[in-house]
Amino acid sequence: MNLQSLIHLAWIVPLVLLVSYIGSPRFLGNMGSTRVRRILGSALEKNRYTILHDLVLPSGGGTFHVDHLVISRYGICVIDSIHRSGWISGTEVQARWRQQSWGKSWYFDNPVHTNYLRVQALERLLQLPNSRFHPMVVLSGHRGFKKNLPTGVLEVKNLVGRIRSLGREVLSAEEADKALLCIQKSIVKPGLFGRAGRWKLFRLLLFVVLVAASVMAYHDQLQQFLAGMQRHADMRMMPEKFHRDGLPKTELELWEDSLICAYSSDLGRCSCYEPGGAKARLTAARCQELAERGSVLKQ
């Protein structure tokens with residue numbers, strides 16, 4: 001295999017990595033979280049609910065992550081969005097749930113328990129009792145539960161209805177504003193080399209490598225494509241500089257197009273003049289051809 005063949009295969013490795021990332025649980029989880037973000041932003045009234053997304057907050061000597069928070073007079077909704085394919089089985093008391101897809105099984109931590117730990121951390125951070133919080137786990141992408149949905153787990157389509165069903169006010173306006181201010185002040189900015197920062201950097205490098213490898217592998221084809229695009233643009237802007245088949249006219253052809261030629265069949269004489277008035281030196285046959293072809297003056 002020669003060097004040219006290796007260059008043409010250079011894009012395959014980053015492409016495989018990109019496809020692997022798109023199929024990873026992290027990417028699918030981001031897709032589920034983005035869907036919940038869009039639904040909350042479009043369906044909940046902004047004058048009644050304050051919505052926060054993708055928060056990293058302090059807890060003891062470490063931090064914890066919250067997918068979505070909805071703060072209102074009706075309490076604080078702590079929402080964890082999970083995207084899982086296949087069938088899901090588990091109860092609110094089991095430590096791990098089971099995911100079945102394509103004849104295989106995986107186990108993952110019970111998101112109800114995980115989300116309850118977030119609620120406990122928020123209780124300590126905001127100095128509010130447990131009754132002010134509403135933990136919710138939103139599942140997307142799955143085919144369904146083997147049994148009924150566990151308590152605290154919702155389908156995406158039921159999320160907004162569940163939030164709006166919280167009709168009893170449990171926070172005063174001052175308490176809700178104080179909780180929001182405390183959360184905003186406590187947000188931990190992720191560093192470049194933190195977990196979230198490393199993933200963002202990985203995605204950026206993967207995209208750059210894929211583009212660079214593709215350009216190296218298909219440099220000639222890319223040049224031809226760009227040249228073709230430029231030629232089509234020039235044809236639209238300056239059609240007089242091109243033949244009907246799209247080929248550009250030569251300098252001689254462009255010069256001949258600019259001439260004003262006149263031919264007298266009675267006298268058998270022909271003359272061509274440049275735009276400035278100077279007489280062009282052409283053979284009699286060529287002069288007659290230019291005069292009679294229809295794209296210049298004809299006499």
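The values are calculated or read from the model by the stated rules, or taken from the named source; none is laboratory data. This structure is a prediction, so every number in the text was calculated from the model and none was measured. Here the Cβ positions follow ideal geometry from the backbone for every residue, glycine too, while neighbour counts run over all protein chains shown.
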How about segment 114-130: which of its residues are free of Cβ contacts under 8 Å to residues at least 40 places away in the same chain and not charged (D, E, K, R)?
THR114, ASN115, TYR116, GLN120, GLN127, PRO129, ASN130
How about segment 39-77: which of its residues are over 15 Å from GLN184 (Cα atoms) and in contact with a His (Cβ under 7 Å, 6 or more places away or on another chain)?
LEU40, GLY75, CYS77
Please pick out the residue among GLU251, GLU240, GLU256 that is at pLDDT 85 or above and either outside the structural domain of GLN288 (by TED's automatic domain parsing) or surrounded by fewer than 13 Cβ atoms within 10 Å (Cβ to Cβ) (or both).
GLU251
Would you please name the residue that is farthest from MET237 (Cα to Cα), looking only at residues in segment 277-299 that are at pLDDT 85 or above and part of a loop (DSSP other than H, G, I, E, B)?
THR283
Filter the strands (runs of 3 or more DSSP E) completely within segment 76-146 down to those with at least 1 residues that are over 20 Å from VAL160 (Cβ atoms).
87-89, 96-101, 104-109
Which of the residues that make up segment 73-111 are more than 31 Å from the chain's Cα centre (by Cα) and touching a residue at least 40 places away in the same chain (Cβ under 8 Å)?
ARG73, TYR74, GLY75, SER89, GLY90, THR91, GLU92
Inspect all residues belonging to segment 89-100 and state whether any of them is out of contact with any Asp or Glu (no Cβ under 7 Å at 6 or more places or on another chain) and either among the β-branched types (Val, Ile, Thr) or within 29 Å of GLN184 (Cβ to Cβ) (or both).
yes
When you scan segment 42-59, how many residues do you find that are in contact (Cβ under 8 Å) with a residue 24 or more places away in the chain and outside any strand (DSSP E or B)?
4
Take THR283 and decide whether it is under 54 Å from the mean Cα position of the chain (by Cα) and of a type in the set (Ser, Thr, Tyr).
no
